[in-house]
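Notes for the one structure printed next.
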Amino acid sequence: MASLKHSAGLSRRAFLARSSHTAAAIAATGIAPGLASRVFAAPTSPNELPGIPNGVQSGEVTGTGGIVWSRTDRPARMLLEYATRESFAGARRVRGPESLEATDFTSRVMLEGLPSGQRIFYRVAFEDLATGRQTAEPVVGSFRTAPAREDDVSFVWSGDTAGQGWGINLEFGGMRCYETMRRNRPDFFIHCGDTIYADHPIQETVELPDGGIWRNVVIPEKAKVAETLAEFRGNFRYNLMDENVRRFNAEVPMIAQWDDHETVNNWYPGEMLLADDRYTVKSASLLAARANRAFHEYMPMDYTASRPGQIYRKIPYGPHLDVFVLDMRSYRGPNGANRQSVRGADTDFLGRAQIDWLKRELLASAATWKVIASDMPIGVIVYDGSRDTNTFENGANGDGPVLGREHDFAELLQFVKLNAIANLVWFTADVHYTAAHYYDPNKAVFQEFDPFWEFVSGPLNAGSFGPGDMDNTFGPQVVFQKSADGRPNLPPTEGLQFFGRARVEGATGIMTVELKDLDDQVLYSVELAPTIE
């Protein structure tokens, strides 16, 4: 049932980076003006009019509503028009909220009462609160609401943007994987975390062993690790400087989750960064609070008093799909050997409130497929440091029985089996390679669960790594993988940038999952027939 295709990618080569950094303006990259204007140009406006430098985004789209996000450059009011026709005939107008310094001039409007299964066209302008003057030209975007009937639905997923020092390189064409995903015309995008790399400064140049130079666009906020709220915000603005990202955001609604690099590598609540001389702020919890605020300000998601700072949530997208977004970062215990046989606060990974929420929502779900958007894979061992430290970052901790953070997964998987909840599929990123894993209880140490698939894909624009070691506790079988084959931090020029695409056929409910590369080559494909509940 599975088909496999390999593409002849770019030649692989070892990588040695020598870097220097600067906070110079974009012109200092030395890129030809024509290329810069084609790849990098952001919407601008005369100084007396409000600008929209970071484009528009949509998110949290359901069958009847969605969020439209944008940002301006001064105190202004967001003005929105939307219609079901590209001509904007019969458009409705919304007078949105003020965009002020308190939110870094970001703003959003929640649209409700939309028709299902319909493409919604919108355009955003801003009205200067000081002068009453409006944006010279609005910025246009669109999204498709979820169908009310069992229609075809598709989505893409990936993670890891601007990591390991690989930023916006105009000579490379910018963050090209976003453009490749856009051309797949998905209904929505799941960003599985590491939406920014707040702990990875962007240097102006990186010298490669073959004599080539990787040239990054640089800004002051990316010259050091992020510690202040302004620096975290600057990390999000950096990604929105890329034309591929802005074009993608204008056409594809996003479901965003976070992982560690939105704050600092491998962080956990209460951690103190005493050994990291890059940080004057030593509290990971304080950094995370600032990161969480910037994340919610810059992502097209609910940011209201009813759900302050919360990441985990459910997004329904028609009869065939419910998307359950997890947060494996905010409620965990400390990283350690992760070998506790008895459950306690130090074994937390999802946390009690999130586990109970997920159980309730899975029981209540009538969707054909329960899509679990996970910021980390279950069975891939992720070490916190080198392998000999015996310290682990995710749930997997080595072969054997359920120990440490694995207790959360054992409880959840057993609950799903006992309640006959069918058709769970896990989608994730984090490990910077692509893979298809089949979890088989017959080959597992812990066997009280039904078999399921987990699909891994990333990075979008970051260093390539892998493959990781596998933990046999839940019996993961590596059906396919493509990685850097043990060579660390290969640059995007190696072609090992990955995303995945899933398509559900409306008439049959069959889900086809494809793992793809930067050039849109299908590396692996499998059809999953739903179990009728």
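The values are calculated or read from the model by the stated rules, or taken from the named source; none is laboratory data. Please read these numbers as outputs of a predicted model, since none were measured by experiment. Here the Cβ positions follow ideal geometry from the backbone for every residue, glycine too, while neighbour counts run over all protein chains shown. For accessibility, only protein heavy atoms count, side chains too; no ligands or nucleic acids. Shrake-Rupley method; radii C 1.70, N 1.55, O 1.52, S 1.80 Å.
Counting only strands (runs of 3 or more DSSP E) that sit wholly inside the stretch 485-533, those with at least 1 residues that are modelled with pLDDT of 95 or more and more than 22 Å from the chain's Cα centre (by Cα) are 522-528. Of the residues making up the stretch 257-286, those that are more than 25 Å from the chain's Cα centre (by Cα) and outside any loop (DSSP other than H, G, I, E, B) number 1.
If you go through the stretch 113-154 and pick out every residue that is β-branched (Val, Ile, Thr), part of a strand (DSSP E or B) and surrounded by 17 or more Cβ atoms within 10 Å (Cβ to Cβ), you end up with 4.
List the residue pairs whose Cβ atoms are under 8 Å apart, where the first residue sits in the stretch 494-512 and is under 30 Å from Leu208 (Cβ atoms), the second is modelled with pLDDT of 95 or more and of a type in the set (Phe, Trp, Tyr), and the two are 6 or more positions apart or on different chains. Within 8 Å, the pairs are Leu496/Tyr433; Phe498/Tyr433; Phe499/Trp157; Gly500/Trp157; Gly500/Phe427; Gly500/Phe455. Reported count of residues in the stretch 93-112, each being in contact with a Lys or Arg (Cβ under 6 Å, 6 or more places away or on another chain) and either open to solvent by less than 40 Å² (accessible area, probe 1.4 Å) or β-branched (Val, Ile, Thr) (or both), is 3. Across the stretch 369-387, a minimum of one residue is classified as modelled with pLDDT of 95 or more, aromatic (Phe, Trp, Tyr) and under 22 Å from the mean Cα position of the chain (by Cα).
Given the options Tyr331, Tyr303, name the one that is in contact with a strand residue (DSSP E or B) (Cβ under 8 Å, 6 or more places away or on another chain) and open to solvent by 30 Å² or more (accessible area, probe 1.4 Å).
Result of the check over Tyr331, Tyr303: Tyr303.
Residues that are farther than 14 Å from Pro253 by Cα and either touching a Cys at 6+ places or on another chain (Cβ under 8 Å) or in contact (Cβ under 8 Å) with a residue 40 or more places away in the chain (or both) within the stretch 292-312 comprise Arg293, Ala294, Phe295, Glu297, Tyr303, Ile311, Tyr312, listed in sequence order. Restricting Asp520, Asp469, Asp450 to those that are open to solvent by 10 Å² or more (accessible area, probe 1.4 Å), more than 30 Å from Glu150 (Cα to Cα) and in contact (Cβ under 8 Å) with a residue 24 or more places away in the chain reduces the list to Asp469. Tell me whether the stretch 494-507 contains one or more residues that are open to solvent by 40 Å² or more (accessible area, probe 1.4 Å) and touching a Pro at 6+ places or on another chain (Cβ under 6 Å). No: the stretch 494-507 contains no residue that is open to solvent by 40 Å² or more (accessible area, probe 1.4 Å) and touching a Pro at 6+ places or on another chain (Cβ under 6 Å).
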